[in-house]
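Novice: Below are the structure tokens for one structure; questions will follow.
The values are calculated or read from the model by the stated rules, or taken from the named source; none is laboratory data. Since the model is a prediction, treat every value here as computed from it, not as a measurement. Every residue, glycine as well, gets a Cβ built from its backbone with ideal geometry; the counts of neighbours run over all protein chains shown.
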Amino acid sequence: MKRAVGRVALYATVLIAAALVAMPMYWLLVSALKPSTEIFTATPRWLPGRIEWRNFRDAWEGAAFGRYFINSIGVTAAILLLQLVTSNLAAFALARRRFAGRGFVLFAVIGALIIPIQVTFLANFITLQHFGWLDSYAALIAPFATSAFGTFLLRQAFLAVPDAIEDAARLDRCTGLAFLWHFLLPLSRPTVVAFVLVALVAHWNDYFWPLIVTNRDEIRTLPIGLAMFVSQEVTTDWNLLMAATLFVAGPVLVVFFLTQRYFIRSHVNTGLKR
Amino acid sequence: MKELASTNSAAMRVRAWLLPYLCVLPALGALALWNYYPLAFLMDLSLYRLSASSPAPSWIGLANYRRLFESPLFWQVLSNTAIYTGLAVPLSVGLGLALAVALDQRLKGARLLRTLFYTPVVMPTVAGATIALWIFNTDYGLANYLLGLVGLPPIGWLTDSGYALWTLIAVGVWKTFGYFMLVYLAALQSLPQSVLEAARLDGARPWDRFWSITWPLLRPTTWFAIVIALILSFQAFDFVNIMTQGGPSNATNLLVFYVYQNGFQYFQLGFAAAIAVIMFVLVYGLSGLISLWYSR
Amino acid sequence: MRFGRMLIAAALATGLTATANADPVALSFWYPVDVGGGLTKVVDGLIADFNKAHPDIKVTAVYTGNYDVTLQKIQAGKLAGALPDIAVTEISSVPVLAALGAAQPLDKLIAGSGGATFLDKFWPSMLLNCRYDGKVYGIPFQRSTPVLYYNRDAFSEVALDPNRPPETGDEMVADAQKLTKREGDRVTRWGVELPLEAFNWFYYALVYENGGESLSADGTHVLWDQPKDVGALQYWYDLVNKYKVTPAYTPWNDGPQEFVAGRAAIIWHSTGSQSFMRQHVQFHWGLGRLPKNVQFGPPSGGANMMLYDTDPAKQKAAWTLMTWLSDAPQAARWSAATGYLATSMAAWDEPEMQALIKEHPEVLVTKEQLKDAKAEPASPNYAPARDILNGLIKAVLANKEPLEDGVKQATAEANGAMAK
């Protein structure tokens, strides 16, 4: 009986959550398809009277989305690469090696996690100006060269790998960075994928920083194009804004959908039975 | 790696000793430049008066801090932030955990559901906020429409200072729970199957299995999730900025918005810097406390 | 003699080629977009034409988000030494950016372009928000005023003249009382709505209409507790609580939607919302001036251009751009494309504007208002006062705070905040 109640409660939570999440998403999708005359009605209209495919063309032409797309991909990829390298190296040292100052480094990593961008942006802007990097790809990438979050997350994952595996690997002459590459990373794949997805979203959607540090349209990223549809003084063209949102959010959702298998409980063992 | 494992040449020893330092150097260097230097910069700035009416920085020592502690608005902001964090953290982490457990199987449609739950995380904030503004619009938003369907009177979700903070918390949870679902899914994936198998074979019920085995095993993940949720809650800036601008009547004025408001809307940079330093100290202290509690 | 002429010719030739080969002066023009997509294309078009007409100057137009983010970028730029050459910012930022030392005074450049004659081409009401500390810092660029939109069909329905929007405050109350429709205790149509946004536009409108001022001339303290200001707020309070023809709070962006949906027979909103109305309204509607009490007093809105260069050569080039943009043909083009009001009086006679007027004669109402428009209150430290005023209005209209006490408290608070 208790088991049934538990199960029901769990599934009820899932369904309610799904409804609460799906409803705004549905509304977003539907708004993107409506002509603007149907957006402002007295009661919510659940289905578009007619489908306005034009919205997508108008949205696409409203800003240089083609170029922004390429920039977003390039900048995000560069950031992810840098972060994976620096964070994995640091996490490896923090989790699998004892060294003087390890506590201090961990302390520093956690501390950095906490500092939000509204706090750092001014000083970083000035630093970039000193380096002469303002209005360049370097300005978009360099401040994100490492991720405290990623370092932290990966440290947790690396800590969970039993010493027995490292000992066995050492017998096979696989130590240090080779151990990291051949053992730690594959064993922590779900965590690595989780980190990549989180970082991907954060940097793909970053609007404020690229807007502040870039001026040239040629190097700007997707969210800036999205912002061009928002109005303050008069009413926003919602249908275009929603259509443009789909351009920005779509790719990431596709990536998430495709990388799901790394999260499913598969039949990969943890290596203990080797 | 070509040498025999038994060789203990001095060179190898030095390399082994040096390795961890070299490994943390790039990350540490980047953090020092892009995270810690700005913090130091702000700590310094907080000791000056710098504003539109005094554009040349002038040293005033701790006067900004004194002004801050004497301002009733600061304490209101602090209280708002405490409520927001106190609710958003357990709700988003808890919801994420529940959904991760529920969806951690090869169910038909689980893949789709997981993607659905992750969409709020992926949504650019400007779109999320716009949708939220529509849903919670007092006159013709979806929420009040639904209330009307069951005969309830409309609520000023964002315009009534009694409701605005709760609405914001709901939006914050909605935006972030997918994150934690992800983290927990990854953690569940790497739990030792053997222990859980043994428990199942022993006839333990799922609910009990969860609480006595899975939950303790997830402790490090939960610690991690709480710290991250804490940090995220301090960054609820985007929604406040787009949806309420701290209102109505400062009901949704959170610390991170308060910094921005004073720094870039009121052009009081020295004062804003002091707020930012206090914010950092608070969050760091809180995270430290949580970590201590977890490591006992 | 011939040799001499050849020399001169040669010198001239080299001189000319030298000028033609000199690198064009590079300028950056930062602009926010506050009225939705499509504007970036218009800006790009304007700038491209400028560059073609002025081969010695190369301007790059940079989109910088909304008004808030643009200000942030400029602030960061000031601290880092990365300011633009010209930027378009909301009019109340003129004193702030001037006081910060970011924006540069334009008086010398104006003198070089004809001094007072140059300034005369602009609507005098627009110039009210261009000065600080006795110097000119801003040139009008995208300006607006609030205006009254009314539902002609609703007017006819209640036996009001559909061609006569209310002209005085009292008339508006009377009209609104007839126009308000109720079903039981639910209001299905409000007589009039005054949406509220962060800048408190309509409060200023009511104060001006009452013949008052809301900010002292030196910008150091607010006058909300003065009788005329209190009277203005009282009028708004009465609309909501005594005559019950107005809701206590209408969010800014909801105004046009309420009007379109027929839930408000009259609304006050920006002149910039005209194109939205034209696109979405399905009934007969009209434009009217904001009603007067003692006087007509629509406040100004929108943004000015300001200069940030200190180098004289760059200043000269930037000034060329600023004057070109405010020349009648360009001002007309910008206004016709965006719905902002053409900044020079001559611009209204340009073909684009004439065509617009022919197609939409109600536009002339907005032109009329420019004659009586007043300044938007601004001073270096005004921003916190603005937020306090916003809170005060909301609280008083919703009956959460008594008017007299609330005003006294808010005035004291605002004056304290501005003194910091």
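Novice: Which residues, taken from region A:142-161, are surrounded by fewer than 22 Cβ atoms within 10 Å (Cβ to Cβ) and under 14 Å from B:PRO26 (Cβ atoms)?
Specialist: A:ALA142, A:PHE144, A:ALA145
Novice: A further question follows. Specify which of the listed residues (A:ALA18, A:ALA32, A:ALA78, A:ALA22) is more than 13 Å from every other protein chain (Cβ to nearest Cβ) and in contact with a helix residue (DSSP H, G or I) (Cβ under 7 Å, 6 or more places away or on another chain).
Specialist: A:ALA78
Novice: Among the residues of region C:304-337, write down those that are closer than 16 Å to C:PHE29 by Cβ and of a type in the set (Val, Ile, Thr).
Specialist: Listed by number, the residues that qualify are C:THR320, C:THR323.
Novice: Across region B:144-159, what is the total count of residues that are within 18 Å of C:GLU258 (Cβ to Cβ) and either surrounded by 18 or more Cβ atoms within 10 Å (Cβ to Cβ) or more than 7 Å from chain A (Cβ to nearest Cβ) (or both)?
Specialist: 7
Novice: Same structure, new question: Those residues that are within 25 Å of C:ALA80 (Cβ to Cβ), within 9 Å of the chain's Cα centre (by Cα) and among the aliphatic types (A, V, I, L, M), I need them from region A:190-231; list them, please.
Specialist: A:ALA202
Novice: Still on this structure, I have one more. Kindly indicate which of A:TRP27, A:TRP46 is closer than 30 Å to C:ALA264 by Cβ, of a type outside the set (Val, Ile, Thr) and surrounded by fewer than 17 Cβ atoms within 10 Å (Cβ to Cβ).
Specialist: A:TRP46
Novice: Kindly indicate the residue of region C:376-420 that is polar (S, T, N, Q) and out of contact with any strand residue (DSSP E or B) (no Cβ under 9 Å at 6 or more places or on another chain) and also surrounded by the most Cβ atoms within 10 Å (Cβ to Cβ) among those meeting that condition.
Specialist: C:GLN409
Novice: Condition first: of a type in the set (Ser, Thr, Tyr), assigned to a loop (DSSP other than H, G, I, E, B) and free of Cβ contacts under 8 Å to residues at least 40 places away in the same chain. Now tell me which residues in region B:121-168 satisfy that.
Specialist: Listed by number, the residues that qualify are B:THR138, B:TYR140, B:TYR163.
Novice: Limited to region C:113-131, what total is found for residues that are over 22 Å from C:LYS371 (Cα atoms) and either touching a helix residue (DSSP H, G or I) at 6+ places or on another chain (Cβ under 8 Å) or of a type in the set (Lys, Arg) (or both)?
Specialist: 1
Novice: Does B:SER233 satisfy being within 30 Å of B:GLN189 (Cβ to Cβ) and in contact (Cβ under 8 Å) with a residue 40 or more places away in the chain?
Specialist: So B:SER233 passes the test.
Novice: Search region C:62-85 for residues being more than 8 Å from chain A (Cβ to nearest Cβ) and under 21 Å from the mean Cα position of the chain (by Cα), and hand back the single one that is nearest to C:LEU27 (Cα to Cα).
Specialist: Only one residue fits best here, namely C:ILE74.
Novice: Within region C:174-279, considering only helices (runs of 4 or more DSSP H) that don't extend past its boundaries, which have at least 2 residues that are within 14 Å of chain A (Cβ to nearest Cβ) and among the β-branched types (Val, Ile, Thr)?
Specialist: none
Novice: A further question on this structure: In region C:95-110, what count of residues is obtained for those that are of a type in the set (A, V, I, L, M, F, W, C), within 25 Å of C:VAL25 (Cβ to Cβ) and not in a loop (DSSP other than H, G, I, E, B)?
Specialist: Residues flagged as of a type in the set (A, V, I, L, M, F, W, C), within 25 Å of C:VAL25 (Cβ to Cβ) and not in a loop (DSSP other than H, G, I, E, B) within region C:95-110 amount to 4.
Novice: Among the residues of region C:286-317, what is the count of those that are outside any loop (DSSP other than H, G, I, E, B) and either in contact with a helix residue (DSSP H, G or I) (Cβ under 9 Å, 6 or more places away or on another chain) or not assigned by TED's automatic domain parsing to the domain that holds C:PHE29 (or both)?
Specialist: Counting residues in region C:286-317 that are outside any loop (DSSP other than H, G, I, E, B) and either in contact with a helix residue (DSSP H, G or I) (Cβ under 9 Å, 6 or more places away or on another chain) or not assigned by TED's automatic domain parsing to the domain that holds C:PHE29 (or both) gives 14.
Novice: Looking at B:THR214 and the list (1) within 11 Å of chain A (Cβ to nearest Cβ); (2) in contact (Cβ under 8 Å) with a residue 12 or more places away in the chain; (3) closer than 26 Å to B:THR115 by Cα, which single condition is not satisfied?
Specialist: The single condition B:THR214 does not satisfy is (1).
Novice: Can you find, within region B:91-120, the residue that is surrounded by the fewest Cβ atoms within 10 Å (Cβ to Cβ) among those that are in contact (Cβ under 8 Å) with a residue 60 or more places away in the chain and away from every other protein chain (no Cβ under 11 Å)?
Specialist: The selected residue is B:LEU91.
Novice: Just checking, which of A:ILE110, A:ILE141 is part of a helix (DSSP H, G or I) and more than 7 Å from chain B (Cβ to nearest Cβ)?
Specialist: A:ILE141
Novice: Given the criteria touching a residue at least 60 places away in the same chain (Cβ under 8 Å) and either at negative phi or touching a strand residue (DSSP E or B) at 6+ places or on another chain (Cβ under 8 Å) (or both), does A:ALA59 qualify?
Specialist: yes
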